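Since the structure comes first, as structure tokens, the remarks are kept for the end.
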Amino acid sequence: MTEIEKRQHWMSLLAKAPAAELDRLWSALGLVPDYGYLRSPEAGGVMVRGRAGATGAPFNLGEMTVTRCSVKLSGGEVGHAYVQGRDKAHATQAALIDALMQTGQAAFVREAVLAPLDEAQQAARAARAAKAAATKVDFFTMARGED
């Protein structure tokens, strides 16, 4: 996995994380970095696009509210975040974690914050897959009755 793919992965984890869970992990982390805002948290709207059948022509599905934030640590590292909704604290925490992941504390932050978020998302994905698999019907085992 390249460095860009690694960053995309952790930014995706932070964006999809429940705000309360991220806040709990951030508080437990105990780091209070010295930072300033490049772009203070602000809410806005983005157009969500979809595709019919996942392969058709793209169409505008509707708008979604997002909050974005950019921070700069005193060491010069810059962190960015986009999160769904209007939670400015969530966006700030995600941007700070993104910036910290570019410092020497990356391994500590990965273990304390990103690893638990990744495990929770994988567990949720597996639970959804198991629930869907329970409804699967195998038509090849059914007899037609014409014999």
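Observations on the model:
- In the set (1) touching a helix residue (DSSP H, G or I) at 6+ places or on another chain (Cβ under 8 Å); (2) among the polar types (S, T, N, Q); (3) more than 29 Å from GLU42 (Cα to Cα), GLN93 fails one condition alone, (3).
- Applying the condition of being of a type in the set (Asp, Glu) and farther than 13 Å from LEU96 by Cβ to the stretch 1-59 and asking which residue is modelled with the highest pLDDT yields GLU42.
- Tally of residues being part of a strand (DSSP E or B) and over 20 Å from the mean Cα position of the chain (by Cα) across the stretch 47-61: 5
- Selected residue [touching a residue at least 24 places away in the same chain (Cβ under 8 Å), of a type outside the set (Ser, Thr, Tyr), more than 20 Å from ALA19 (Cα to Cα) and surrounded by fewer than 16 Cβ atoms within 10 Å (Cβ to Cβ)] from GLY53, GLY62, GLY36: GLY36
The values are calculated or read from the model by the stated rules, or taken from the named source; none is laboratory data. From a predicted model like this one, the values you see are computed outputs, not experimental measurements. With ideal geometry, Cβ positions are generated from the backbone for all residues, glycine too; neighbour counts draw on all protein chains shown.
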